[in-house]
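The values are calculated or read from the model by the stated rules, or taken from the named source; none is laboratory data. On a predicted model such as this, the values are computed, not experimentally measured, just so you know. Cβ: placed from backbone, ideal geometry, glycine included. Neighbour counts: every protein chain shown.
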Amino acid sequence: MPKKISEIAVHTITNKPWSTEQCIKEYSDAGIGGITFWRYSFEGRDPKNVGRQARESGLEVVSVARGGFFTGQTQGERQNSIDDNKRAIDESHEVGSPSLVLVCGSTPGQGLRESRQQIQEGIGQCLDHAADAGVILAIEPLHPLYAADRSAVNSMEQANQICENLNNHPSIGIAVDVYHTWWDEHLKNQIERSARNGNLTAFHVCDWLSPMQDTLNDRGLMGEGCIDVNEISEWIDSTGFGGFHEVEIFSNRWWDSDQSEYLKKIVNYFEKN
């Protein structure tokens with residue numbers, strides 16, 4: 001676990017009610033070290049200016065979320081996705097982010113193997129653009145409950161295999177999110193495999209509530225649910241991973257709460273652990 005609050009980052013979607021500018025200010029004032037911008041954070045703004053504002057406030061721009069959604073039943077759909085990912089890569093470069101997180105996509109009614117092949121091909125077609133921009137494309141495996149329509153990449157093993165199939169290109173990596181991977185009995189070994197290949201790019205934390213009210217927007221604050229966040233954090237840190245521990249929480253309940261008090265609870269979790 002991070003020893004200092006400056007070693008954690010927060011995704012802007014965690015405090016969705018706040019504007020981009022307020023997220024920058026509040027995270028900086030709390031002593032948080034990094035920020036991951038969701039692409040909506042750039043609406044009506046120049047990403048270059050957003051990145052400058054963050055750095056002037058003492059925040060490191062950790063990543064941009066999100067690209068991906070490479071699957072589709074027609075070549076036109078898949079090409080549109082590739083074009084949008086190249087725009088996302090450009091935004092990542094402009095804001096000064098070293099990585100772009102990929103939610104890879106899945107097409108209902110299409111076989112998962114076909115979707116995974118389309119994902120690999122789509123990422124492959126973006127690698128040169130990413131390399132030119134100095135941006136790593138970080139595959140984020142999603143929990144199997146999202147396999148039908150959000151991502152056909154549902155385990156660290158599948159993400160590692162795609163990276164290896166693409167020859168562990170320097171511009172490809174993996175984002176490990178405890179929400180999506182905590183269930184996997186092979187998680188520790190697959191984290192180590194990713195690190196050996198040089199692909200361990202990002203680490204996201206939150207918690208899994210039981211019962212859950214909404215499979216997308218009812219994530220818990222760390223310590224509220226059933227994920228052993230500390231143990232998985234130890235697995236990550238033991239590989240020599242030197243990146244931020246990123247807080248990414250989708251929660252209608254927390255979004256409806258006082259955001260300043262919510263941020264204090266986030267900070268308090270790391271101070272206690």
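Couple of notes before you dig in:
- Selection from region 79-126 of residues that are more than 17 Å from Gly173 (Cα to Cα), in a helix (DSSP H, G or I) and of a type in the set (Ser, Thr, Tyr): Ser81, Ser115
- Qualifying residue in region 25-32 (condition: free of Cβ contacts under 8 Å to residues at least 40 places away in the same chain, charged (D, E, K, R) and in contact with a strand residue (DSSP E or B) (Cβ under 9 Å, 6 or more places away or on another chain)): no
- In region 53-67, the count of residues that are part of a loop (DSSP other than H, G, I, E, B), in contact (Cβ under 8 Å) with a residue 60 or more places away in the chain and under 19 Å from the mean Cα position of the chain (by Cα) is zero.
- Qualifying residues in region 204-216 (those that are assigned to a loop (DSSP other than H, G, I, E, B) and either charged (D, E, K, R) or more than 15 Å from the chain's Cα centre (by Cα) (or both)) - the one farthest from Glu60 (Cα to Cα): Pro211
- Selection count where residues are assigned to a strand (DSSP E or B) and either surrounded by fewer than 20 Cβ atoms within 10 Å (Cβ to Cβ) or basic (Lys, Arg) (or both), scope region 217-246: 1
- From the options His129, His169, residue that is more than 23 Å from Met1 (Cα to Cα), assigned to a loop (DSSP other than H, G, I, E, B) and in contact (Cβ under 8 Å) with a residue 40 or more places away in the chain: His169
- Per-region count, region 91-116, residues surrounded by fewer than 16 Cβ atoms within 10 Å (Cβ to Cβ) and either farther than 15 Å from Arg150 by Cα or modelled with pLDDT of 95 or more (or both): 5
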